[in-house]
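The next block holds one structure in the form of structure tokens; read it before the comments.
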Amino acid sequence: MNTLSIVLLVILAVLAIAVAVLYFLGKKAQKKQEAQQEQIDAMKQTVSMLIIDKKRMKMKDSGLPQTVIQQTPRLLRFSKFPIVKAKIGPQIMTLVCDEKIYDMVPVKKEVKAVVSGIYITDVKGLHGKQATAPKKKQSAFRRTVERLQEKAGAKPIK
């Protein structure tokens, strides 16, 4: 056999092994995430709260209890989390918000929130309009592409 074919076979074998490892690690992580979601759903409660402030901050600067900080994996301790300070009854609490709904959480408004422990999973407006995520401003390139797609008939007209 020639050296080029041997090198290509070795590279192919390494890629096949890497794909297999990633597949099994992905299945394991998916099962773990499903189990965590079941726990969150089992513990959820609807609570009326006044949102005081919301920020993305590091775990150690957030004001969360020390036991929560110690239980987080070391790699996640230095990343920023969506943190919400809210008044629930007479008590002011620091809660972690779900990344999907963080933009919809209104500041200085009373809301009904679905809470599981210190984790906010859903928010509904109590007074006034329903909170919606603000639309992100599109770049000039994206606007041009969408306009051309509409003219070509590839995208429905607004």
Net lengthening on full extension, GLN91/LEU50 (0.36 nm per residue, minus Cα-Cα) | 13.7 nm
A correct Karplus calculation of ³J(HN,Hα) over the range 56-65, with 6.51 cos²θ - 1.76 cosθ + 1.60, θ = phi - 60°, whole Hz and x for Gly and Pro, returns 9, 9, 5, 4, 6, 8, 7, x, 6, x
Over the range 45-125, calculate the relative contact order: mean separation of alpha carbon pairs under 8 Å at least 6 apart, over the residue count, as a percent.
-> 37 percent
Based on a Kirkwood Rh over C-alpha pairs, give the Stokes-Einstein translational diffusion coefficient of the range 45-125 at 10 °C and viscosity 1.306 mPa s in µm²/s.
-> 124 µm²/s
Springs between alpha-carbon atoms under 10 Å, Gaussian network over the chain: tell me which of GLN70, GLN37, GLN138 tops the mean-square fluctuations.
-> GLN138
Got a sec? How would TYR102, TYR23, TYR119 order by Cβ neighbour count within 10 Å, fewest to most?
-> TYR23, TYR119, TYR102
Sorted by chain and then number, the residues having a modelled amide H within less than 5 Å of the amide H of LYS58, at least 5 places away or on another chain, are PHE81
Spacing of the two label points (7 Å from each Cα toward its C-beta) at LEU76 and ILE118, in nm = 1.2 nm
Considering only DSSP beta bridges whose two residues both sit in the range 45-125, what percent are antiparallel, to the nearest 5?
-> 95 percent
Tell me, what is the percent relative contact order of the chain, built from C-alpha pairs under 8 Å that lie six or more residues apart?
-> 19 percent
Under 5 Å from the placed amide H of VAL123, counting only residues 5+ away or on other chains, we find VAL114
Could you pull out every residue, at least 5 positions away or on a different chain, whose amide H is within less than 5 Å of the one on ASP98? Hs are placed 1.01 Å off N in the peptide plane, and Pro or chain starts have none.
-> ILE120
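Determine the shape class of the chain: with a ≥ b ≥ c the square roots of the Cα gyration tensor eigenvalues, call it rounded for a/c under 1.5, and otherwise prolate if a/b is greater than b/c, oblate otherwise.
Oblate, since a/c reaches 1.5 and b/c is not below a/b.
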Hey, in the GNM for the chain with a 10 angstrom Cα cutoff, which one of ILE69, ILE40, ILE51 fluctuates hardest?
-> ILE69
Along the range 9-18, what does the Karplus equation 6.51 cos²θ - 1.76 cosθ + 1.60 (θ = phi - 60°) give for ³J(HN,Hα), rounded to whole Hz, x for Gly and Pro?
-> 5, 5, 5, 4, 5, 5, 5, 5, 5, 5
Any idea how far apart VAL19 and LYS32 come out in nm if each label point goes 7 Å out from Cα toward Cβ?
-> 2.5 nm
When the Karplus curve 6.51 cos²θ - 1.76 cosθ + 1.60 is applied with θ = phi - 60°, which whole-Hz ³J(HN,Hα) does each residue of the range 89-95 get, with x for Gly and Pro?
-> x, x, 10, 9, 10, 9, 10
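Laboratory data are not the source of any read-out in this text; all were calculated from the coordinates shown. Just so we're clear, the structure is a prediction, and the values are computed from it rather than from any experiment. Heads up, the Cβs are rebuilt from the backbone with ideal geometry, glycines too, and the neighbour counts pull from every protein chain shown.
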